[in-house]
Amino acid sequence: MCELFCFNSKAPKEVNKPLNQFYNHSDKHPHGWGLANIKSDRYIIDKEPVKASESEKLKKILSKPIIGKTVFAHIRLATIGKLTPSNCHPFVKKDNTGRCWMLMHNGTVFNYPGLEKYQEIQKGSTDSERILLFIIDKVNEFERSKNALLTTEERFNLITDIISDLSRENKINIMICDGELTYVHTNLKDSLHSLRTDDGLILTSCPLNEDENWKTVDINKIYGLRDGKIILKSKDHGNEFIFTEKHEKIIQEAIKSLDKELYDKLMEEYDKNAMSF
């Protein structure tokens, strides 16, 4: 459905080269792009429902140095949600304390009733945005109960519980940032890879080059990243996602709900990339 990119390091570095390599994959993911540079005091977010390789806006952005210590990127192949800016990743929302959360998702929620109520209040129509709204509510509930801010470990444990539960019967390849900690998870084999460089750590859905040091990220675990290092890691929750014909039929029905003029094009692209969903 999509591809994810994350750069995480101790100090700000220029990331134009891996970003350009990542966005070159947009021929197979032509329905939107996103870019997030997380600063200590603000999130710089750009996104557009346009094929990355054809976006004049993105071309202009990448013509200048992109420097950061926590940088995310996303390219979209639509299944759920029309091709509008509000359905492009990443999604951002503040909790009640003012902490800003960012989320990007590569997957599909096939069954999770707890997300349904957010269809009435979300800005777009993706299941990914609903996941973020759900997380924000759980964070707010926890902090009200505690009557204090969550610690780093408490936030990690809460996100771990949410993602572990959500990953039952659903494909949840996800990256989340709370401004301090980056959370990474996959429950589909060979769908997330990492590369340690002199500048930091790169994680992406597919290797960006022929470097032999790319490693496959273990599935079914939530990782907490900070300053280019894994500082927290959960146990294996055991909810591996395996794509079946049932899932394929659900996705095809979801595609039919999109704009009719896009249906034939989307189905053609889906047939070419079915197993990457």
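The values are calculated or read from the model by the stated rules, or taken from the named source; none is laboratory data. Here the structure is a predicted model, which means the values were calculated and not measured. Cβ placement follows ideal geometry from the backbone for every residue including glycine, while neighbour counts extend to all protein chains displayed. We work out accessible area using only protein heavy atoms, side chains counted, and drop any ligands, DNA or RNA first. Shrake-Rupley method; radii C 1.70, N 1.55, O 1.52, S 1.80 Å.
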- Hey, ASN37 buried (at least 20 other Cβ atoms within 10 Å of the Cβ) and either in contact with a Pro (Cβ under 8 Å, 6 or more places away or on another chain) or basic (Lys, Arg) (or both) or not: no
- Taking region 213-227, which residues are over 21 Å from GLY107 (Cα atoms), surrounded by fewer than 16 Cβ atoms within 10 Å (Cβ to Cβ) and among the charged types (D, E, K, R)? ASP227
- Item | Count of residues meeting criterion [touching a helix residue (DSSP H, G or I) at 6+ places or on another chain (Cβ under 8 Å), open to solvent by 20 Å² or more (accessible area, probe 1.4 Å) and either without any contact (Cβ under 8 Å) to a residue 40 or more places away in the chain or closer than 20 Å to THR182 by Cα (or both)] in region 199-212 | 1
- Message: With the structure loaded, tell me whether ASN111 is within 22 Å of PHE243 (Cα to Cα), open to solvent by 10 Å² or more (accessible area, probe 1.4 Å) and not in a helix (DSSP H, G or I) or whether it fails that test.
- Response: yes
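Residues are listed down the side, and each one gets a yes or a no for (1) at pLDDT below 95; (2) crowded, with 16+ Cβ neighbours inside 10 Å:
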site	(1), (2)
CYS2	yes, yes
CYS6	no, yes
GLU14	no, no
TRP33	yes, yes
ARG42	yes, no
ALA52	yes, yes
SER63	no, no
- Query: What is the one condition in (1) modelled with pLDDT under 90; (2) surrounded by 15 or more Cβ atoms within 10 Å (Cβ to Cβ); (3) closer than 14 Å to LEU35 by Cα; (4) touching an Asp or Glu at 6+ places or on another chain (Cβ under 7 Å) that ILE80 does not satisfy?
  - Reply: (3)
- Message: Show me the strands (runs of 3 or more DSSP E) found entirely inside region 18-102 where at least 2 residues are closer than 20 Å to ILE136 by Cα and either free of Cβ contacts under 8 Å to residues at least 12 places away in the same chain or in contact with a helix residue (DSSP H, G or I) (Cβ under 9 Å, 6 or more places away or on another chain) (or both).
- Response: 91-94
